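One structure below.
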Amino acid sequence: MSGIQNVTRKHGTYYYRRLVRLGADKPFRIRFSLRTTCRKRASQLAPALTLICERIAMDMIANRGRDDLTAAQRAEIFRRQVMIERDRLAVMHARLHIVPVEDNEDTEKALALRLDAGELAAMDGAVRGKIEDFLVAHIDPEAADEPIVVMAWSDLAASIEHEGTEDAAVARLADIGVEQFKLRAAMAGKVVNQARIQAIREFRDALTNPGAAYPPVPITGYQPSSPAQPATPMNHPAPQPVTTGPFALMTPTEAVEKFFAHNPRTGGVDGTARRKGGDPWTEKTREQFKLLALLLEQVMDGRPLATVTHDDLVQLNDCFAKLHGPSFRKSPQHRTMTIHEIVAETEARVQQGEKAVARGAKRKDEAGPPKIPAGALTRDQLGLGLSTTNRHWGFLRQLTTWFAKHQPLGALDYSAFIENDQRDARDQRDAYTEEQGRMLFSLPPWTGSKSLARRMQPGSLLVHSAWYFVPMIGWYTGMRREEICGLMLDDMEVVDGHWQINVRPTAIRRLKTITSARNLPLAEELIRLGLPAYVQALRGAGESMLFPELQAESGKGTMGDRYYKTIWTKIAAALPFLRAGQATHSFRHTVIDSMKAAGIAAEVRADFAGHKLSSETEGRYSKAHMELLRNAAKAIPEVTRHLDPFPVQLLPAGLRAPRKARMSNPKTSL
C-alpha cells in the first residue's frame, strides 16, 4: 500500500480507488491511474480527487428525482407538436377527398369520426398517461336508416398515420436536445397529447371559419367607384402582423442565431467573423444578447417572436424588478431555471428576510439592525441595475428592429422602459483616502501571507503576482481593471531611460474607447517595489502576459472579471471601510482627484486617465509631454512607503498556466 488515502500503487504507478454511494443504491467503484510514479504528486492529486467525488456525489443526490422538464422546454415541445399536428390533419383531410374510405362514404362524416376519436385518445393520454385501445362509434341521429359505424382506435390510428405518444415524446425530446429520462418522457408525452387536443380544436374552428386558418389578406389599391355617401369613420382594431414565411415561427432564441448569421459585426454564426475597420462582438456581449432573448422567450412561454406584444415587454420588465441583481444567474442552478422560477425563488428569500426583520423588531433589547439569515433578502435589494436593464432593452430593441425587416411585428414602445441615467458620474464611485490606501496595502498579500492558498492570512510568504501588483498599478496609474489585467509584457517599455506602460488593444482584450489608448509613466513606488524586475523575470520564464494566471484555458470570460471574482472579493471582505460603489474602479477617482487637488491641468489629467479631450494636445507623448505626465504622477499619494522591496518571487509555473474550466454536473452545465 502507498500510505495515501484512496491511493494504491502497482508496478510503481499510483492508482486512485474509491467507493461512492448514492443513498441505498448499489455503490459505484472508481479506479483509474494517476499516471505518475511520484509519491508527492500522488499525495497532491488524491485529496483534490476526493473533494471532486464528494461534490459530484452530493450534486447527484440533490438532483435525483428532478429530471423533469422546465416550463420553457414544455412550451417548445408543445409548439413543435402543434405544428406537426396541423400538417398531419391537413394532409389527412386532403386524402379523404381523393381516397375512398371503407368506414364511411361521406367525407364529412369520416373526418368527424377521426377528429372525435383523435381528441378522445389525446384526452385519455393527457389525463391517464397512456392510451388504451377503445371502440369509437359514429351515429347520425338525423339518419335513422344509416348504419352505426364502430371501429377500434388502433385501426383508426393506423389509417390516419397517427404517431404513437411515446414515439412522439422521444422525438420531441431529441428535437430540443434534452437527454431522455423516464420522468421527462412522461411529461413530454402529456404535452404531446395536449398539443394534439389544441390542434384538433383549431382545425374544427378553421372548418367553420376558414379565415381563422390564414392571416388577413391585405387589399391594396381598392377604391369604391361611386360611394353613395361619405364613409362613416369607424374604429377598427389595429391590424395584426402577418405570420407567414420562414421567420414566422422563429422563437426569440432562434431569431438571435439568425441575427448573428446576418450580421458579421457580431462575429457571425460562430463569433469569429471579422469586418473591416472594427472588431466583432466579444463572447461576453454575444452571451448577454442571447440571454435577453432567452428571458423574453420564457416570458412568452415559447411563442414565436413574430407574436411579441407590448404586454410581453411589460411582463419582462416586471420580472426584472423582482430579481436580485447580484445573484441572478450566478449559480449553475439558476442557469437551469426559467426567469419565472428564479422570481419565485427570490420572493421566497425576501419573505425569509422579512420574517427576520419582523422578529428583530419585536426584540427591543437588541441593538443595531436586525440580523438577516444567509441567503435571505429584503425588498429594497430587488431589481436589476439601471445600466443592466438599459442594456437588456437596447439589445431587445436591436433584435426586434432587425427582425421587423423580415417579419411584421406589432407596435413595441421601448421608451417606456429605457431610462436616462440622471446620476452624477462623480457620485457613482467613491475615491479612496490616503488612510484607506495604507490600510489596503497593509493586508497580508503585501506584508506576508500564510501560503499561496491562504493569501489573506498573515504569514511570511511574499509573491509577485496579480494579488500583489493589480491594486498597486491601479492606485499609481488610474488604469481600468481590464486594462491592467490584460497587459502584455511588451506593453511595459523603457523609453528615453524611463519605464512606461503602453496602454493599447491586445490579442486578449480591447480598450473601452479610442481615447483609452495612451502611454503612462511608471511611478517611483512601482519601480521601487519591483514591477520592472517582475517583468524581466516573466520574460525569462517564457511568459508573454503580465498576469498569466488570470487567463482561462477556454478563452471565455475576461481577465478583469476573473481577478474581481477570485481575488478582489477576498481583499474587499477584509476592508471594513468599503462602501457601496467602492471597488477597483475607485482607484481612477483617487488618481484624478489627487491630480485635481494638486492643480494639474485638465488636459494632462484627461490624458492620464484616457478620457476624451476637447482638442488634441500638441506634442502628445513627446518627451516634454511625458515629463508632464511623470510630474502629474507625483501628485498621487504614496501609500506603500511602509512596504519593503523583496527579490522577485514568481508563482510556480503550474499556477501561471491558463486555468482549466471547473468540473460540473452535466445536467446543470450551460
What do you reckon, is ILE592 buried (at least 16 other Cβ atoms within 10 Å of the Cβ), modelled with pLDDT of 85 or more, farther than 22 Å from VAL463 by Cβ and out of contact with any strand residue (DSSP E or B) (no Cβ under 6 Å at 6 or more places or on another chain)?
yes
Within segment 452-460, can one find any residue that is hydrophobic (A, V, I, L, M, F, W, C) and either under 25 Å from ALA606 (Cβ atoms) or not assigned by TED's automatic domain parsing to the domain that holds HIS625 (or both)?
no
Can LEU511 be described as assigned to a loop (DSSP other than H, G, I, E, B), surrounded by fewer than 15 Cβ atoms within 10 Å (Cβ to Cβ) and aliphatic (A, V, I, L, M)?
no
Sole exception among (1) touching a strand residue (DSSP E or B) at 6+ places or on another chain (Cβ under 7 Å); (2) under 21 Å from ALA583 (Cα atoms); (3) not hydrophobic (A, V, I, L, M, F, W, C) for GLY448, by number
(2)
Within segment 518-569, can you find the residues that are within 30 Å of the chain's Cα centre (by Cα), small (Gly, Ala, Ser) and assigned to a helix (DSSP H, G or I)?
GLY560
If ALA541 satisfies all but one of (1) of a type in the set (A, V, I, L, M, F, W, C); (2) modelled with pLDDT under 90; (3) more than 22 Å from GLU482 (Cα to Cα), what's the number of the condition it fails?
(2)
Among the residues of segment 427-484, write down those that are free of Cβ contacts under 8 Å to residues at least 24 places away in the same chain and basic (Lys, Arg).
LYS450, ARG454
Test set (1) modelled with pLDDT of 80 or more; (2) assigned by TED's automatic domain parsing to the domain that holds ARG88; (3) among the β-branched types (Val, Ile, Thr) - THR266 fails condition number
(2)
In this structure, is GLU132 charged (D, E, K, R), modelled with pLDDT under 80 and either surrounded by fewer than 17 Cβ atoms within 10 Å (Cβ to Cβ) or in contact with a helix residue (DSSP H, G or I) (Cβ under 9 Å, 6 or more places away or on another chain) (or both)?
yes
Residue that is modelled with the lowest pLDDT, among those in segment 318-333 that are assigned to a helix (DSSP H, G or I) and surrounded by 16 or more Cβ atoms within 10 Å (Cβ to Cβ):
SER327
Log entry, pairs with first residue in segment 164-182 being part of a helix (DSSP H, G or I), second being surrounded by fewer than 16 Cβ atoms within 10 Å (Cβ to Cβ), beta carbons closer than 6 Å, six or more apart or on different chains, reads LEU173/GLN180
Keeping to segment 352-372, report how many residues are touching a helix residue (DSSP H, G or I) at 6+ places or on another chain (Cβ under 6 Å) and either of a type in the set (Val, Ile, Thr) or at pLDDT 80 or above (or both).
1
Candidates PHE469, PHE441, PHE395, filtered to the one that is within 27 Å of the chain's Cα centre (by Cα) and of a type in the set (Phe, Trp, Tyr)
PHE395
Listed residues ALA374, ALA361, ALA411; which is surrounded by fewer than 16 Cβ atoms within 10 Å (Cβ to Cβ) and assigned to a helix (DSSP H, G or I)?
ALA361
Every listed condition ((1) touching a strand residue (DSSP E or B) at 6+ places or on another chain (Cβ under 9 Å); (2) at pLDDT below 80) holds for ASP116 save (2)
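The values are calculated or read from the model by the stated rules, or taken from the named source; none is laboratory data. What you see is a predicted model, and the numbers here were worked out from it, not measured in a lab. Cβ coordinates were reconstructed from backbone atoms using ideal geometry, including for glycine residues, and neighbour counts include every protein chain displayed.
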